[in-house]
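Student: Encoded as structure tokens, here's the structure I'll be asking about.
Read-outs throughout are calculated quantities, based only on the coordinates presented, and are distinct from any laboratory measurement. Only a predicted model underlies this, so the values are computations on that prediction, with no experimental measurement involved. Note: ideal-geometry Cβ built from the backbone for every residue, glycine included; neighbour counts use all protein chains shown.
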Amino acid sequence: MIDLYTWSTPNGRKVSIMLEEVGLPYRVHAVDITKGEQHKPEFVAISPNAKIPAIVDPDGPDGQPIILFESGAILIYLAEKTGRFYSSDPRTRYVILQWLMFQMGGVGPMFGQAHHFMKFAPEPVPYAIERYGKETRRLYGVLDARLKEVPYLAGDYSIADIATYPWAARCEWHCVELADFPHVKAWFERISARPAVQKGMVVPG
């Protein structure tokens, strides 16, 4: 059984959604980042960057336990372990990876900064709100243009969608109306209807 160390954030929900989608048994360990539990030595020993999520799989690629942190790396690992939501075809696999990296390098960091300055900053910082708000909307535009062409980011449903969906689920936090991006909205609704996504989005309970 895989041990999942997580909290109710977009990055954490990526992995719980994936675990639900592939049907691997897992045990949840809640790491309350609002109380600083991610900095406890026992968690840092698992996740050196003191960030959730992280997993411990007793049945790694060589039959030995493996510890992984970084949500994108975990998604790739679980996809390769199960042969789901990835591809053995090199061209398709690279398309999946480019949209996964788009999420990891763009959507996550920029949406996260928008969240912080629009919702959690102790006082308004107009420059930061404008900067990250503008970039967030630009990224939604990139997603919308892509999703006008294909139903999912890499054509078929994949780890790229699983990675991006939980960030779009917080659109209100970065003051975006999905209705302004109709192709993103339709994509979001398709993914929201998946039972595994619904289960993964409420981990930890």
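Student: How many residues does region 157-190 contain that are within 20 Å of Glu20 (Cα to Cα) and either free of Cβ contacts under 8 Å to residues at least 12 places away in the same chain or surrounded by 21 or more Cβ atoms within 10 Å (Cβ to Cβ) (or both)?
Tutor: Matching residues across region 157-190 total 13.
Student: Now a separate question. Being surrounded by 21 or more Cβ atoms within 10 Å (Cβ to Cβ) and touching a Lys or Arg at 6+ places or on another chain (Cβ under 7 Å), is that true of even one residue in region 65-72?
Tutor: Checking region 65-72: at least one residue is surrounded by 21 or more Cβ atoms within 10 Å (Cβ to Cβ) and touching a Lys or Arg at 6+ places or on another chain (Cβ under 7 Å).
Student: Return the residues of region 29-55 that are over 14 Å from the mean Cα position of the chain (by Cα) and either within 23 Å of Ala168 (Cβ to Cβ) or in a helix (DSSP H, G or I) (or both); say none if nothing qualifies.
Tutor: Answer for region 29-55, where residues must be over 14 Å from the mean Cα position of the chain (by Cα) and either within 23 Å of Ala168 (Cβ to Cβ) or in a helix (DSSP H, G or I) (or both): Ile33, Thr34, Lys35, Glu37, Gln38, His39, Pro41, Glu42, Phe43, Val44.
Student: Criterion first (under 19 Å from Thr9 (Cβ atoms) and either in a loop (DSSP other than H, G, I, E, B) or free of Cβ contacts under 8 Å to residues at least 12 places away in the same chain (or both)) does Gln198 satisfy it?
Tutor: Yes: the conditions hold for Gln198.
Student: Then there's this: So if I check each of Lys148, Lys81, Lys119, which one is of a type in the set (Lys, Arg), under 19 Å from Phe181 (Cα atoms) and surrounded by 12 or more Cβ atoms within 10 Å (Cβ to Cβ)?
Tutor: Exactly one of Lys148, Lys81, Lys119 is of a type in the set (Lys, Arg), under 19 Å from Phe181 (Cα atoms) and surrounded by 12 or more Cβ atoms within 10 Å (Cβ to Cβ), namely Lys148.
Student: Hey, can you tell me all the residues within region 88-113 that are outside any helix (DSSP H, G or I) and not hydroxyl-bearing (Ser, Thr, Tyr)?
Tutor: Asp89
Student: So, one more: Quick check on region 114-130. Is at least one of its residues outside any helix (DSSP H, G or I) and touching a helix residue (DSSP H, G or I) at 6+ places or on another chain (Cβ under 7 Å)?
Tutor: Yes - at least one qualifying residue is present in region 114-130.
Student: Let me ask something else. Taking the condition out of contact with any helix residue (DSSP H, G or I) (no Cβ under 9 Å at 6 or more places or on another chain), farther than 21 Å from Gly200 by Cβ and surrounded by 15 or more Cβ atoms within 10 Å (Cβ to Cβ), does Arg93 pass?
Tutor: So Arg93 fits the description; yes.
Student: Given (1) closer than 22 Å to Ala168 by Cα; (2) without any contact (Cβ under 8 Å) to a residue 24 or more places away in the chain; (3) β-branched (Val, Ile, Thr), identify the lone condition not met by Ile66.
Tutor: Here Ile66 clears every test but (1).
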